[in-house]
Amino acid sequence: QPGGAAGVPVASTSPTLFELYELWDKNNTLRPITDTVVRKYQGYFKNHILPHLGSKRIDQLTEDDLTLLFGETLLNKRRSDGSPQLSTAATRNIYMALSSCLNYAERKGLLVRSPLRGVPAPRKQKPDDDIEFASANAAKLLARLDADRDPDKCRWLLQFLGLRRAERLGLEWSKVRGLDTDEPTIVINQQLARYANNTGWYLFRNTKNHKGRTIVLTEPFISVLREHRAAQNLLRASPQWQPKPEFADLIFLNDDGSLITLNRDNDDWARLLKRFGLPHWRAHLNRHITATWLAEQDPPVSIGTVQSILGHDTEAMTTYYSKTTNRQQSGPMQRYGSTIARIIETGRR
């Protein structure tokens with residue numbers, strides 16, 4: 001680059017993308033985000049970004065470089081069976097991670113403008129979920145859990161308080177207030193998270209969107225929590241009960257006190273559906289089913305109350321809005337249809 005008085009090129013002092021990534025990664029560990037998210041970012045960079053662009057200085061990184069990365073290189077990655085290695089959602093997540101890193105460079109004065117701003121993000125795709133179908137089967141599941149007196153009924157029923165999986169597995173008894181009173185509540189302000197270096201699990205004292213919430217408990221949630229507490233108290237008296245001290249207050253643990261991880265919970269969910277002969281649906285969809293059932297109340301539960309139960313989650317709230325909008329349309333559209341019918345009848349005369 002020209003920079004000397006005599007026009008002698010001056011070596012660029014701009015960091016490489018790899019060097020920028022190391023600075024950004026270190027900064028992430030100081031921010032209020034979970035180690036799980038940090039670990040995902042690390043995987044995106046080490047597996048999909050740095051192998052292709054890591055040695056390039058960021059002031060020489062162009063829109064063409066990034067268009068090639070997202071429009072061709074990542075799309076052409078294949079598994080051994082020839083299928084695409086990366087889904088559209090995964091490619092979009094990689095894009096968002098790189099965007100965050102380059103925006104960090106802007107804030108630190110290392111870049112004037114991120115070249116990724118000129119590259120469209122991969123289009124977000126919604127999972128092909130049939131909420132009505134899943135909702136009908138969720139009703140069957142709850143009935144069968146109750147009839148079967150399943151010992152894990154509490155773990156599965158609490159999904160229909162709209163809890164995220166990590167929030168549910170991170171629940172502690174200390175967060176359940178007044179369970180033996182007429183007005184019990186449960187505080188959702190933490191989640192189970194994994195350390196970025198894969199060395200184990202810990203309780204992250206915050207929620208996904210960093211906003212805690214309190215949910216008022218009613219039946220059948222009260223009874224099922226009381227039953228679960230009594231059953232766990234019996235397990236606590238057993239010599240086999242040996243939880244790690246930091247997890248000893250968790251509501252949901254294995255019979256020996258060991259941790260129920262997110263992957264274990266997911267596997268248990270699949271086995272549960274199979275045992276009852278029900279079709280599989282993503283456990284996360286139960287948040288959307290919760291939103292659907294809240295919207296189906298007569299009258300529908302208010303938006304503010306739904307947000308206080310589910311948290312401010314765009315996807316789950318979209319389900320609620322869609323359901324309530326359809327219900328709000330029903331009466332007016334019936335009247336409108338009657339008007340159209342009268343117009344047609346009048347025109348026939």
Query raised in the report: Restricting the search to segment 227-248, which residues are open to solvent by less than 50 Å² (accessible area, probe 1.4 Å) and either more than 19 Å from Arg149 (Cβ to Cβ) or touching a His at 6+ places or on another chain (Cβ under 7 Å) (or both)?
Result: Ser238, Trp241, Pro243, Phe247, Ala248
Query raised in the report: In this structure, does Leu86 turn out to be modelled with pLDDT under 95, open to solvent by 70 Å² or more (accessible area, probe 1.4 Å) and over 27 Å from Ser14 (Cα atoms)?
Result: no
**Report entry** Residues located in segment 112-152, provided they are acidic (Asp, Glu) and closer than 30 Å to Glu227 by Cα
**Finding:** Asp146, Asp148, Asp150, Asp152
Report task. Please find, within segment 1-58, the residue that is modelled with the highest pLDDT out of those that are polar (S, T, N, Q) and in a helix (DSSP H, G or I). Result -> Asn47
Report task. Would you be able to say whether some residue in segment 209-219 is touching a Ser or Thr at 6+ places or on another chain (Cβ under 7 Å), small (Gly, Ala, Ser) and open to solvent by 20 Å² or more (accessible area, probe 1.4 Å)? Result -> no
Requested in this report: Evaluate the following for Ile260: is it open to solvent by less than 50 Å² (accessible area, probe 1.4 Å) and at pLDDT 95 or above?
Outcome: yes
Report task. Scan segment 142-186 residue by residue and report those that are outside any loop (DSSP other than H, G, I, E, B), in contact (Cβ under 8 Å) with a residue 60 or more places away in the chain, closer than 20 Å to Thr34 by Cα and open to solvent by less than 30 Å² (accessible area, probe 1.4 Å). Result -> Ala166, Arg168, Leu169, Glu172
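Taking Phe45 as the residue in question, decide whether it is in contact with a Cys (Cβ under 8 Å, 6 or more places away or on another chain) and open to solvent by less than 80 Å² (accessible area, probe 1.4 Å). Break it down into steps so the answer makes sense when it comes.
Numbers: in contact with a Cys (Cβ under 8 Å, 6 or more places away or on another chain): yes; open to solvent by less than 80 Å² (accessible area, probe 1.4 Å): yes.
Taking the combined requirement at face value, the residue satisfies it.
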Requested in this report: Could you list all residues from segment 89-107 that are surrounded by fewer than 19 Cβ atoms within 10 Å (Cβ to Cβ), closer than 15 Å to Leu69 by Cα and of a type outside the set (Lys, Arg)?
Outcome: Ala90, Asn93, Met96, Ser99
Query raised in the report: If you scan segment 199-214, which residues turn out to be in a strand (DSSP E or B) and out of contact with any Phe, Trp or Tyr (no Cβ under 9 Å at 6 or more places or on another chain)?
Result: Phe204, Arg213, Thr214
Query raised in the report: So which residues in segment 120-136 are under 19 Å from His288 (Cβ atoms) and buried (at least 18 other Cβ atoms within 10 Å of the Cβ), if there are any at all?
Result: Ala134, Ser135
Requested in this report: May I ask you to list pairs of residues, at least six apart or on different chains, whose Cβ atoms are under 7 Å apart, with the first in segment 227-238 being at negative phi and the second being of a type in the set (Asp, Glu)?
Outcome: Leu235/Asp255
Requested in this report: Could you tell me whether segment 187-198 includes any residue that is farther than 16 Å from Lys153 by Cα, open to solvent by less than 40 Å² (accessible area, probe 1.4 Å) and part of a helix (DSSP H, G or I)?
Outcome: no
**Report entry** Any hit, segment 116-124, residues being assigned to a helix (DSSP H, G or I) and either among the basic types (Lys, Arg) or at pLDDT below 90 (or both)
**Finding:** yes
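The values are calculated or read from the model by the stated rules, or taken from the named source; none is laboratory data. Nothing here was measured: the structure is a model prediction, and the numbers come from that model. Don't worry about glycine lacking a Cβ; one is built from the backbone with ideal geometry, like all the others, and counts go over all protein chains shown. Note: areas computed on protein heavy atoms with side chains; ligands, DNA, RNA excluded. Shrake-Rupley method; radii C 1.70, N 1.55, O 1.52, S 1.80 Å.
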